[in-house]
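What follows is one structure encoded as structure tokens, with my remarks underneath.
Quick note: the coordinates plus some simple rules give every number you see, no bench work behind them. The model shown is predicted, which means the values in this text are computed figures rather than measured ones. Here the Cβ is made from the backbone with ideal geometry for all residues, glycine too, and neighbour counts use every protein chain on show.
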Amino acid sequence: MSAWIMAAFMLTAAAGAVMVILYRNPVYSALSLVLTMFALSAIYVMMGAYFIAVAQALVYAGAIVVLFLFVIMLLNLRNQQALKESFGLRAAVGALLGALFIGVAGGTMWAVLSPDQFSKSAEVFKDEGHTESLARLLFKNNLVPFEAVSLILLAALIGVVVLIRFHGRPSSDNSEESNDA
Amino acid sequence: MNRPLKGLMTMMQIIDFDWGAFAPSLTLLAAALIVCALSMGHSQASAVRAAWASLIGVAAAAVLTLMSDAPALYFSFGAQDADGNPIALFSVDSMMRSFMLICLVSTALCILLSIGYLRQRGALRPEFYALTLLCALGMTIIAGSQDLILIFIGIELMSLPLYILACFQRGSASSEASMKYFLLGAFSSGFLLFGIALIFGSTGSTLLQDLTGVSSPLFAIGLALVFVGLAFKIAAAPFHQWAPDVYHGAPTPVTAFFASAPKAAAFAALLYLFQAASAMRAEWSTIFAVLACISMTIGNLIALTQKNLKRMLAYSSVAHVGYALVGVAAGASESVLFYLAAYAVMSVGAFGVASALSSKENEMSELNDYAGLGFRRPLVGIGMTLFMLSLTGLPPTAGFTGKLLLFKDAYAAGLGWLVIVAALNSALSAYYYLGVVVKMYMTQPSKEPAHAPSIRHKTAAAALIAAAALVFIGGAAPKAMMNAFHISTDAAETAVQNVPSEAAQ
Amino acid sequence: MTPELTYRLCLTLSAVLFAVGVAGVLIRRNAIVIFMCIELMLNAANLAFVTFSRHLGVLNGQAVVFFVMAVAAAEVAVGLAIIVTVFRTRASVNVDELKLLRR
């Protein structure tokens, strides 16, 4: 039973990803992205990575895609001429490259897993204190990357503030900016 | 000068933390946080304060790096593997110091260039310097990283501020450049990260020390993806298409920054990975040789046709990445370091001339803007000539010494054909570099402007003088330049360290 | 489904997600959708990390996923701010219309 559920989530994730690039309306693309994110979250649950699953749902589906939708709505993109894209040759090249990559990387990853490594993997994830051991890992072994990530967030914060304060201010010498509403 | 390899790890000294070794990085961090706090202010005065504070911070970090000559140390920050042994996450050795010095010197020069440029355009804001320092911090992390995840985080910490810095000028060209840079940068980060995931899958670890001797198809694909990601970051052909547009659209001091420091940092990651993945070094050497060949040829050929100085220098930077890749292919890390240092100062110098001469009315980015400038502004003319000679690779400049070292090492490594291609490319590049000199001294502007462009800001002049001095020292006294950048002049040291690592496999 | 088959399918799914993301970046011209495709690429890497971490019994792979999520969130904030800035001046998010810099 659970195997079929897993397979269904995998298909959902793949279908959502394909729909992101096929829909011409970016709102639908964003909604397809949510679908993929939730399916991935479910897959993480079924693989026993509970904490990652929750973070995936909260951060990606809850924050990132909402931000995307917010910007799409803010810019009111549905009425833009720019949306009328033609696919054609580019699509063919993109699809070809994609298929090539799936063939090479997917094939290698399919072939590379060796059954003898499974013996020990089951135990690590079976224990109840999975989140606890993850937290230990995060705050002991990965303390420096963790602190470095906080600097990235600081940089992003300052960056966004400066973009809004600097480019958002209507200025007399740049008349283009005033008619964007 | 080699990175630690598995066989040596047992002898390697791994300690938790050491204040002395991290003094430069912590100085930089403190400066970054102070400047972030200064960013609260709105006024022009607070921006100037932030600029000077950041300059002092960068200079202090550079001086501390220059003075420290402790032996190579590896740091675990308390991290332990399953058996309780410390893990080497970060290293502070002479190579890390060299990369850090290259990045800090170019950062300092670009800060000096930016003050006047931004003030003229009403864009002088304290946040600019906060972001510059955070970017420099990211480069520091890359320079010492022994862990792929730390490298990824360092690259992101370096890139995010760069996307914003590209946007630091009113008008659509700057924000377009920023958007292009951002989309390509994020795209390349995707490659980098997926590659790291595959490497993790094939080795069960993200530590560089665990990559030694691994050779499996999955590992090869992962490494290839990481290299594609890094090739985007250093703008090596055929992954260079974003560079001319971004270099053209960004404010000129920021362009000078793009061309120097982040490139050197991405090269650090490339070199460390290349050295760590020892089992496939021969294959990668060939691939890098081909990549170097393509980069040099495409960069130089397209640069020939450019009428815009910033675009020309952008394509020339693609060519220079090609020259540096010759050294990577030959496995000669000292020559690559010297070349990166030389390229950093000479490209900052060349972009810096454009930046220092520009005014709000005249961006000084077209080649025609330089017609007849050599006689009207003799000092600027001499400086620009020096930078162009160095970019061509003619004595007595750092560019000449750098190319000489690279070609010598590449020839010794059996890459004779690549040396010939590189030498032919240098000859080709002389046409457009010396074209700038010819333009400055042998042509007259079509219409005589009332005031010839001049350098209005003392800070920009100081930056240009410093860059010119470094370029000249690099040519006249290469040893002094090597010492200044902590580049080991003792090739024997490398040879000695290579033997046990090869034996350990 | 044996765990082995599950892991193989998950890795294949991650390759598919990555390839779709790359193809999307190459095909689409709308900057926001291109950015969504980049998010797909990062998610593909996350899935690979979790699967490998499970398969190899090394928990560290999951710690990495946290960092990627934090970095992705920072990137989205900056990226969308830049896209909004471009839209203010150009009234378009089509990357083909960014012709100002082309000669």
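Just a few scattered comments:
- Ascending count of other beta-carbon atoms within 10 Å, so fewest first, for C:V95, C:V71, B:V345: C:V95, C:V71, B:V345
- FRET efficiency for A:S150 and B:V228, using Cβ-Cβ distance with R0 set to 41 Å, rounded to 0.05: 0.90
- Look at where the Cα atoms of the stretch B:174-197 and of the stretch A:1-80 average out, and the two centres are 21 Å apart.
- Summed residue charge, Cβ within 11 Å of B:S114's Cβ, Lys/Arg positive, Asp/Glu negative: +3
- For the protein assembly as shown, the spread of Cα positions along each principal axis, largest first, Å: 84, 67, 48
- The angle between the Cα long axis of helix B:94-120 and the main principal axis of chain B comes to about 30°, on a 0 to 90 degree scale.
- Projecting the Cα atoms of C:F87, B:G374, C:L17 onto the charge dipole of the protein assembly as shown, computed from C-beta unit charges around the Cα centre, puts B:G374 farthest toward the positive end.
- Between the stretch B:32-110 and the stretch B:351-370, the Cα center-to-center distance that results, in Å: 32
- Once the chain from B:T286 to B:D18 is taken as fully extended at 0.36 nm per residue, the excess over their C-alpha distance is 92.5 nm.
- 10 Å Cβ shell holding at most 12 others, DSSP loop, trypsin sites (Lys or Arg not before Pro): longest site-free stretch of chain B: B:1-306
- Cα long-axis angle, helix B:252-276 against chain B (0 to 90 degrees, to the nearest 10): 20
- Electrostatic bookkeeping for B:S39 treats Lys and Arg as +1 and Asp and Glu as -1; over the other residues with beta carbon under 13 Å from its beta carbon, the sum is +2.
- Positive-end ranking of B:A186, B:F77, B:P217 along the dipole of the protein assembly as shown, with charges on Cβ about the Cα centre, is headed by B:A186.
- Value of Rg/Rh across the stretch A:1-79 [Cα atoms, Kirkwood radius]: 1.05
- With the helix formula -39500 (n - 2.57) applied to DSSP H stretches of n ≥ 4, chain B reaches a computed 222 nm mean residue ellipticity of -24500 deg cm²/dmol.
- Mean residue ellipticity (222 nm) of chain C, computed from DSSP H runs ≥ 4 via -39,500 (n - 2.57), nearest 500: -28500 deg cm²/dmol
- Links that overshoot a 31 Å alpha carbon limit, given the list B:K310/B:K458; B:K408/B:K439; B:K408/B:K458; B:K233/B:K403: B:K408/B:K439; B:K408/B:K458
- Binning all Cα-Cα separations of chain B at 20 Å, short to long from zero, yields these whole-percent fractions: 25, 59, 16, 1.
- Length gained when the stretch A:I164-A:L58 is fully extended (0.36 nm per residue, less Cα-Cα span): 35.6 nm
- Taking only the Cα atoms of the stretch C:3-97, the ratio Rg/Rh comes out at 1.10, with Rh defined as the Kirkwood radius.
- Debye-formula intensities of the stretch B:189-347, expressed as log10 I(q)/I(0) at q = 0.12, 0.14, 0.15, 0.19 Å⁻¹, are -0.51, -0.68, -0.77, -1.13 (one equal scatterer per alpha-carbon, no solvent).
- Under the convention that each Lys and Arg Cβ holds +1 and each Asp and Glu Cβ holds -1, the size of the dipole of the stretch C:3-97 around its Cα centre is about 80 debye.
- Kirkwood Rh (inverse of mean 1/r, distinct Cα pairs), the stretch B:1-152, angstrom: 16.5
- Spin-label model distance (nm) - B:S216 vs A:L143, 7 Å beyond Cα toward Cβ: 3.2
- Magnitude of the charge dipole for the protein assembly as shown, about its Cα centre and with charges confined to Cβ atoms of Lys, Arg (+1) and Asp, Glu (-1), is about 2260 debye.
- Ordered by the count of other Cβ atoms within 10 Å of each Cβ, fewest first, A:L134, A:L67 give A:L67, A:L134.
- For chain B, the longest principal axis of the alpha carbon atoms and the long axis of helix B:217-234 meet at an angle near 20°.
- Most positive-pole-ward Cα, B:G383, B:H320, C:V65, against dipole of the protein assembly as shown from beta carbon charges: B:G383
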